[in-house]
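Have a look at the structure below, then the notes.
The values are calculated or read from the model by the stated rules, or taken from the named source; none is laboratory data. What you are looking at is a predicted structure, and each value in this text was computed from that prediction instead of being measured. Every residue, glycine as well, gets a Cβ built from its backbone with ideal geometry; the counts of neighbours run over all protein chains shown. With ligands, DNA and RNA removed, areas are computed over all heavy atoms of the protein, side chains included. Shrake-Rupley method; radii C 1.70, N 1.55, O 1.52, S 1.80 Å.
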Amino acid sequence: MSFRFHFGLPQKIAALILLLFFAGTLFVIGRAPLSESDYRYALCGREMWEKPAPAAGYFTTCGNMQGDGTLAYRAAALPLSVYVTTLRVEDWIAAKRSHATVESDPIGGSVYDLRHQIVGTRYLLRVPFALAAVMLGAGLWWVTRRLFGNVGGAMSLALYCLSPVVLRYATTPNNEILAAWGLYAVIYTAIGIAHAMYGPPRKWRPRIVLFTLALGLTACAHLLAAVFGLLASAVFMLYVAERRRTLVIPVLLVSSFGALMLVFASYTFRLSLFTYVFTGGAGRFTLDYMPALELVRDPLQLAVTAAAGIALVLMVLLRPARYFGNTVPLLVTLALLPIETTQISSIPVVWAYPFLLTFVGGAFADATETRQRKLFLAVVVTTVLAQAILCGTWLWVSAR
């Protein structure tokens, strides 16, 4: 199998937008001081990497870590653990060369204790989440461009990169942005598998591996997001793979088992800790209109809210807009927005955000194919400019 990637003008524009977005995250990261939450993620994560010994029935001394997954803690602490290990090796080499006595652990303190020894702690803790947001943006652009063309892809990516919500979660340790990244990959990889099932197995087996990995990482971030992604994938795969439906359930079972093994590995293969995933109530939720209402009321989301309202009207009025590619992100968004977890701290609105932007990009891309193309292109440009102003205002206030 040969793989060719054409890096043309659309790819260059998307890369430039993502590069500017990453630069914005670095600006915010450098301005925001370290918080108690940052130190907590660093402590829990370093214990997972360096001292994975259960304490008082829990995985770390942090207790049940708010009940959410391990992925954010490991992502936040991995650069720190590598940095500290490097310092230990350097101290050991220097002591050997000078024939001095090697201390038992000269840098064995917490991140707070070592904040003057570790250079760039803010970036080491937070950049992994900025990179996850960049990868989610790249996935969003790739999906929307393949489905809706250059206009849909550019609009969705621009609104994503100019969103204060995305920037907020891309510049601090949290499981929400990781769960959003994983859930988006799970659902659209599942749809890709269903389409590929009409071809030879060599074309859809690699997608199954990717689906398993995405599902496992999502479960390591938030169990509820993984369960939702698995159920949504089953529905969409059964719909798309109309003549190959007998293969869907085995694929989902194999992928689910592989994802469970990834979660098991994230708990260092300790069964007593792994079972807490099923008894800790991470999957409990209720339905409420308040999460969606708060998103609509957020003044920083005014441009996106207006664009989503116009997109809904366009989908009702334009027959070409009512097809599978537009319906999937709309259904996922409507299903995620009212979810409110009851046992753990999570924000499913963040998980729904890339699907909402996918729907908006798709609806406007279809509108630009009508006779009023210039009008809707002007609306697209106006929406992006309005979102840029709102994002710039948020950055200016945050930097003060």
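Any chance you could check the Cα centroid distance between region 258-291 and region 368-400 for me, in angstrom?
39 Å
How far apart, in nanometres, would the label points at PHE264 and LEU231 be if each is projected 7 angstrom from Cα along the Cα-to-Cβ direction?
2.5 nm
Once whole DSSP H runs in the chain are found, which of them have Cα atoms spread over 24 Å or more along the helix axis and a mean Kyte-Doolittle score of at least 0.5?
Within the chain the helices that satisfy the rule are 9-31, 121-161, 176-196, 201-221, 223-240, 248-266, 348-367, 373-399.
How large is the helix-only mean residue ellipticity at 222 nm for the chain, computed as the sum of -39500 (n - 2.57) over DSSP H runs with n ≥ 4, divided by its residue count, in deg cm²/dmol to the nearest 500?
-24000 deg cm²/dmol
Going highest first, how would you order 222-235, 147-160, 252-265 by mean Cβ packing within 10 Å?
Highest-to-lowest ranking by the protection proxy: 147-160, 222-235, 252-265.
Given the convex hull of the Cα atoms of region 348-400, what is a quarter of its surface area in nm²?
Hull-based average projected area comes out at 4.3 nm².
By how many nm would the segment from ASP298 to ALA335 lengthen if fully extended, with 0.36 nm per residue of separation less the alpha-carbon distance?
Additional length available on full extension: 11.3 nm.
Keeping all protein chains in position, work out how much accessible area ARG168 exposes to a 1.4 Å probe, and write it in Å² to the nearest 10.
For ARG168, solvent-accessible area is about 90 Å².
First measure r as the distance between the Cβ atoms of ARG202 and PHE7, then evaluate 1/(1 + (r/R0)^6) with R0 = 22 Å and state the FRET efficiency to the nearest 0.05.
Once rounded, the FRET efficiency stands at 0.30.
Provide LYS51, LYS374, LYS12 ordered by accessible surface of protein heavy atoms (probe 1.4 Å), highest first.
LYS374, LYS51, LYS12
Assuming 0.36 nm per residue, please report the length gained on full extension of the stretch ARG245 to VAL119 beyond their Cα-Cα distance.
Extending this stretch completely gives an extra 40.0 nm.
Which value, in Å² rounded to 10, gives the accessible area of TRP141 with a 1.4 Å probe and all protein chains present?
30 Å²
Which order do GLU242, GLU47 take when ranked by solvent-accessible area (1.4 Å probe, heavy atoms of all protein chains), largest first?
GLU242, GLU47
Under a plain spin-label model, where a point goes 7 Å from the Cα along Cα-to-Cβ, how far apart in nm are SER272 and ARG373?
It works out to 6.8 nm between the two label points.
Rounded to the nearest 10 Å², what accessible area does LEU20 show when all protein chains are kept and the probe is 1.4 Å?
LEU20 exposes around 110 Å² with every protein chain in place.
Percent of accessible area on region 209-360 owned by carbon and sulfur, 1.4 Å probe?
Result for region 209-360: 73 percent of the exposed heavy-atom area is carbon or sulfur.
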